[in-house]
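One structure below.
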Amino acid sequence: MTKPRWWFLLALVVTLAALAAVGCGGDDDDGEAGGGGDTGAATDTGGGGEAVECTASIGIMGPFTGDAATIGQEQLNWAKFSVERFNEENGTDFTLVEGDTQLDPAQASTVAPQFVSNDDIIAVVGPAGSQEIDAVGQIFDRASMAFVSPSATATDLAEKFETFFRVVPTDADQGPTDATYMTEELSAKKVLIVDDQSSYSTGLADQTATALEDAGVTVERESVSQDQTDFSALVSSVANDTDVVFLPWQIAANAQLFGNQLAEQGKEAIIFGSDGLFAPDDFHIAGSFVSSFAPDITGLDDPAIQELAQAYQQEYGDFGTFGPPTFEATRVLMTAIHSLCEEGEEPSREAVLERVAETDLQDSILGFPITFDDTGDVEGAKFFIFEVAEGGAFELVE
Amino acid sequence: MPRIGTDEWVAEQELRTETYSGLTAPARRAFDRVGPGPRFFAFLAICAIFPFTTDSDFLIRVGVNVLLFALLALGLNIVVGWAGLLDLGYVAFYGFGAYAYAWVSSEQFGIHWPTELAIPAIVAASALLGVFLGLPSRRLVGDYLAITTLFFLQIFVELTLNLDRLTLPGADEPLNLTGGPNGIPGVDPMRIFTIDLLETRDYFYLLLVVFALAVVGLFYLNNSRTGRAWRASNDDPLAAELMTTPVARLKILAFSMGAAMAGLTGTIFAAVQVGVFPQNFEVILLVMVYAALILGGAGSIAGAVLGAIVVAAVPEILRTPENSRYLFYGVLLAVLLTIVRPWKRVAFLAGAVVLFGVVVHEIVAAVWPDGVAAEASAGRLGGVLESWVVLPAENRTTIGNVAFVVLVLAALALTQLRGDARLLFLVPTIYLAAFVWENRLIAQPSVTRQLLFGAILVAMMTTRPHGLLGTPRVENPI
Amino acid sequence: MDFFVQQLVNGVTLGSVYALIALGYSMVYGILKLLNFAHGEVYMIGAFIGYFVLTALGGAADPVLPVALVLVLMFLAGMLGAGILGVGIERFAYRPLRNAPRIAPLISAIGVSFFLQASALLLFTAQFRTYDTPELIPFTTGIDAGPLRISLVRILVISSAIFLMIALWYLVNRTRLGKAMRATSYDREAAAMMGIDVDRVIVATFFIGSVLAGAAGVMVGLVFGRVFHFMGFVAGLKGFTAAVIGGIGSIPGAMLGGMLIGLAEAFSAGYISSTFQNLIVFLLLITLMIVRPTGLLGSPVLQKV
């Protein structure tokens, strides 16, 4: 039996030492993740004119690797973009700390205590998935850490957790809106709902199914997995008298394939997608409809939003529907922290939490002002229906 | 009572101790003198003190994760290491234990069993399930068994995702067994003999107790008749069968015990996470448990624990850019120390690299000022590195990508060189590594984490195939 | 009847892709008794290479060369790139582990798989890439005779897969290299003693297996459109499953296993339920394994006493 070579023990010692460094670095304030130095001690505007010194870290949790990385990376890039612009415009010094969860609640419940232990982090963007929020909600509640999710839509989350906010409306808003459009404008008598086995999808599918059935429409349910390569078998079994196929999916590219295969097999059903499909670069089946919570993410009308979208595209590439809410979620937090700095107050987690609850962003790129109700849900959100024209452009129809 | 196979090792002890040399010799001699008992006790003592050295909930949570992994690896060790069965469905038992605990201790069905009843019941149920899974092992061998057990895992994942809308004939409401993609959140905390386990720290100690019991139990199991019978049937099943060892029954026993351990770990996991979700039990977890076991050395209890520490702790260190920067340069140094001997050469090499870097930096600064304009990421080393590494302000991503590909090719080419050529080629390669790190990798810690972890796995396996603490075996090359 | 034929076509298309991936697994296993878990990532890289070649040639909407030539180039580039990658992986991640316990190269393969996935994420970002095949070859072209309705792309994919499989069969059974491969997989030591350069044979095996995976990647890009960093994981699992179902180590077995899985998926999704598609397929496969423990065409494992 050979004993381990001494250099393995050395590697092990290095590993343990580094882990200890994590522990020590995580506890106190020096040099960890921020620009070094104090956490947001604000100096009065005596010296530097407009800019008030404001340093803080914002954590972001999401699936940055793994099979949901397309969603997570878009969210991360928009958050980085948001921080860059805010820092430029306001002279602040905010940094982003990443916490990769791969949409796994077990990883999320390891990242959350890490953020809580890191005294520099005073608020969190994310997590992305509703089930992750179930796992970490208590941890953030106990630490009075505000966390704003840009994408979780399960209906009961805001009530369950006090420090939870979200900038997107819930399934309870989207489902009935979509159902109404399908019954009234598209005169659908028979609808096939296909969910993709994620919690977002099944929640929304359930809400829409209930709304449709209440209106007397025949509803069939199927589901697919997000990893599935091929949908042609399901497409073949779509009945010829199905009017609408409702796809509350998260991955727009999957829906594009589904739509291609529908056309390939000569099926006439119209595709109706939820906000997950609002990604003009990935999904562009002419004649389909997509619902979204923002009237104007791609900046079709508003030049300011257009400039923003183009700046983003130059730096990071194309985007779909998950990015802009993350931009706003990050901005909500930064605005809250900045307002505390300007008043000369220490941005602690409790103070930020109070401020976030009072958020009132009138000029959000999502097209509606962002304010929160008592539980943390965003107020006044409604859904807009877009039609995909020939050539792939999205046109607002309602 | 002489222990078979051990006495020879004991007899050779003196000879072996005499051959220890170098700096670590006294430590190793002392280490050899104590038996496995005191060593394990010392390890446990360190673990027990650990939660008091820090008030960071995160570190304790990492400790909990390490212990969970260690228990999983120990259970897998029974099946894979001792009995030699490739079980790719192991995580299904973990998941079953977790879901079963959620069924009997949450609002899902409104049942709230006392923990003292729930845990033994679930362990027994997992063992039974393990027997059921072990039944195919009578007919299937090797990779065919592997694939069948993998199917069980896939079936388990599918069931957890879809059993929330099961419409049984004659029922009005669909049956919701597993909560579907949303899982079962809000599981009761454990309560053992009137002690409520509410904090992460409490679960750490619970896991430590379970871990200690498991290690002791497995140690004795390994040295018992059953353990020897497993080893015999692993080495040569036909011979073992002819020597009246009931190979088929032993296989099922191995499956069952592994399943029981996984089920137990699952219940504690469900309580720690305060919920149970299908995303917890995907194939990626299986891969990590196997990695832990094999890195540490399959067949060795200490190996399983060591592997679990590496697999659970290293990705957490790699999360923050600053820490992974230390780890990166630290590991670079450690690797240098191993491939370049003696250490004077390493010092010379380090000096050469620094010089090379400074020269390159100056040249680039003179020729193309934009090339060194950017700032290094924050951190204590950042300032130092800024004047050494070339940090272009424009096109950082593209340059970084190209440099990354070149680096990978260069590193591979390095493994083929020898002697002075290797030393010479090492200098620019190390500088290139620092360049890629500072410019590209450090900006994307999550991706870098996976990158480094994969590289570590490959490096560790190619240099030490039988794991850190495993015994080198020579397989029959067929 | 229409429906049946439609599902048949779906199943065969999917099955061809799985078969090509499974072949790589089976060949490598036959020679080295190694399960190459990095094979799925090779397939993914092949798909990406095809995408980049397509973009370089002007993209699907506006290619600078005639469509047929573009396709040929995509295939060649994807296959060659994947082959070189496969050879590289063998050289650096598996060769040092030639005499190690069977399970060690498994972990090395997993490490390579993580590394390649993360590299793809780093270099290509997480965005989905698509070949935009309908722009290149409109899917209205194709056969539309009675119950049979196949688009040109599918015909292309199925026929290339069959062509490649026939080419492989020819290679393995009618050439000297093939004979060497068969000999090495039967008994490596004896083959070495007979003057066969075992290293070269192994390299050739990896190359051919990876070439097939690369072709599968390009095909998937053409028919199913989505190319992203994680696609290799699931496809690799399915390919591995197909190889074992067919009898691991057996080349016709891999082809059969792939087809079987593709057809099973198509028919269970079409006739029973898409929701429980995976479940049904797995149950079927378990039954198959219990009924025939060494796979469909696998040879019974000989116990050497």
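Remarks
- Screening the candidates C:Gly209, C:Gly195, C:Gly221 for the property of being in contact with a strand residue (DSSP E or B) (Cβ under 6 Å, 6 or more places away or on another chain) and more than 10 Å from every other protein chain (Cβ to nearest Cβ) yields one hit, C:Gly221.
- Only listed residue being surrounded by 23 or more Cβ atoms within 10 Å (Cβ to Cβ), touching a residue at least 12 places away in the same chain (Cβ under 8 Å), more than 9 Å from every other protein chain (Cβ to nearest Cβ) and not hydrophobic (A, V, I, L, M, F, W, C), chosen from C:Gly111, C:Gly86: C:Gly86
- Being buried (at least 23 other Cβ atoms within 10 Å of the Cβ), within 7 Å of chain C (Cβ to nearest Cβ) and within 19 Å of A:Ala69 (Cβ to Cβ) is a property that holds for A:Ala253.
- For the residues C:Ile143, C:Ile158, C:Ile166, the requirement of being surrounded by fewer than 21 Cβ atoms within 10 Å (Cβ to Cβ), assigned to a helix (DSSP H, G or I) and either within 14 Å of another protein chain (Cβ to nearest Cβ) or in contact with a Cys (Cβ under 9 Å, 6 or more places away or on another chain) (or both) singles out C:Ile158.
- Applying the criterion of at least 3 residues that are touching a Ser or Thr at 6+ places or on another chain (Cβ under 8 Å) and within 9 Å of another protein chain (Cβ to nearest Cβ) to the helices (runs of 4 or more DSSP H) found wholly in segment C:226-305 leaves C:231-245, C:277-291.
- Only residues that are in a helix (DSSP H, G or I) and within 11 Å of the chain's Cα centre (by Cα) were counted across segment A:320-346, and they come to 8.
- Looking across segment B:306-324, the residues that are part of a loop (DSSP other than H, G, I, E, B) and not polar (S, T, N, Q) come down to B:Leu318, B:Arg319.
- Residue count for segment C:157-182 under the criterion of being among the polar types (S, T, N, Q) and within 22 Å of C:Val12 (Cβ to Cβ): the result is 2.
- Residue list for segment A:186-201, restricted to those being within 8 Å of chain B (Cβ to nearest Cβ) and farther than 14 Å from A:Gly273 by Cβ: A:Gln197, A:Ser198, A:Ser199
- Extreme residue, modelled with the lowest pLDDT, among residues of segment C:223-240 that are surrounded by fewer than 24 Cβ atoms within 10 Å (Cβ to Cβ) and of a type outside the set (D, E, K, R): C:Gly225
- Residue check for B:Val187: away from chain A (no Cβ under 13 Å) and either of a type outside the set (Ser, Thr, Tyr) or touching a Phe, Trp or Tyr at 6+ places or on another chain (Cβ under 6 Å) (or both): no
- Looking across segment A:101-116, just one residue is facing chain B (nearest Cβ under 7 Å) and free of Cβ contacts under 8 Å to residues at least 24 places away in the same chain, and that is A:Thr110.
- Yes/no for B:Val305 being over 30 Å from B:Arg61 (Cβ atoms), more than 10 Å from every other protein chain (Cβ to nearest Cβ) and touching a residue at least 12 places away in the same chain (Cβ under 8 Å): no
- Residues considered: B:Gly63, B:Gly84. Of these, the only one that is under 22 Å from the mean Cα position of the chain (by Cα), closer than 30 Å to C:Arg102 by Cα and in the same structural domain as B:Tyr203 (by TED's automatic domain parsing) is B:Gly84.
- Segment B:143-162: number of residues that are more than 7 Å from chain C (Cβ to nearest Cβ) and either closer than 25 Å to B:Asn234 by Cβ or without any contact (Cβ under 8 Å) to a residue 12 or more places away in the chain (or both): 6
- Number of positions in segment C:261-280 that are within 19 Å of the chain's Cα centre (by Cα) and crowded, with 24+ Cβ neighbours inside 10 Å: 4
- Screening A:Glu84, A:Glu88, A:Glu98, A:Glu74 for residues that are charged (D, E, K, R), within 9 Å of chain B (Cβ to nearest Cβ) and either part of a helix (DSSP H, G or I) or under 26 Å from B:Ala270 (Cα atoms) (or both) leaves exactly one candidate, A:Glu98.
- Filter result for C:Val201 (more than 12 Å from the chain's Cα centre (by Cα) and modelled with pLDDT under 90): no
- Taking every residue in segment C:240-261 that is more than 14 Å from C:Pro293 (Cα to Cα) and pairing it with any residue that is among the aromatic types (Phe, Trp, Tyr) and not in a helix (DSSP H, G or I), at least 6 positions away or on another chain, the pairs with Cβ-Cβ distances below 8 Å are C:Phe240/C:Phe37.
- Taken over segment B:82-126, residues that are more than 13 Å from B:Met261 (Cβ to Cβ) and not in a loop (DSSP other than H, G, I, E, B) amount to 19.
- In segment B:422-461, the residue that is surrounded by the most Cβ atoms within 10 Å (Cβ to Cβ) out of those that are aliphatic (A, V, I, L, M) and closer than 13 Å to B:Pro321 by Cα is B:Val447.
- Filter result for B:Ile46 (part of a helix (DSSP H, G or I), hydrophobic (A, V, I, L, M, F, W, C) and in contact (Cβ under 8 Å) with a residue 40 or more places away in the chain): no
- For A:Thr359, the conditions (1) of a type in the set (S, T, N, Q); (2) part of a helix (DSSP H, G or I); (3) buried (at least 20 other Cβ atoms within 10 Å of the Cβ) all hold with the exception of (2).
- Those residues of segment A:149-162 which are assigned to a loop (DSSP other than H, G, I, E, B), away from chain B (no Cβ under 13 Å) and buried (at least 23 other Cβ atoms within 10 Å of the Cβ), in sequence order: A:Pro150, A:Ser151
- Annotation for segment B:162-180: no member residue is under 26 Å from the mean Cα position of the chain (by Cα) and either in a strand (DSSP E or B) or in the same structural domain as B:Pro51 (by TED's automatic domain parsing) (or both).
- Boolean, C:Leu171 is part of a helix (DSSP H, G or I), touching a Gly at 6+ places or on another chain (Cβ under 8 Å) and crowded, with 22+ Cβ neighbours inside 10 Å: no
- The lone criterion from (1) closer than 25 Å to B:Gln279 by Cβ; (2) among the charged types (D, E, K, R); (3) touching a Pro at 6+ places or on another chain (Cβ under 6 Å) left unmet by B:Glu199 is number (3).
- Residue in segment C:3-25 that is within 14 Å of chain A (Cβ to nearest Cβ), of a type in the set (Gly, Ala, Ser), surrounded by fewer than 24 Cβ atoms within 10 Å (Cβ to Cβ) and over 28 Å from C:Leu106 (Cα atoms) present: no
The values are calculated or read from the model by the stated rules, or taken from the named source; none is laboratory data. Computed from a predicted model, the values in this text were never measured in an experiment. Counting neighbours? That spans all protein chains shown, and the Cβs are built from the backbone with ideal geometry, glycine included.
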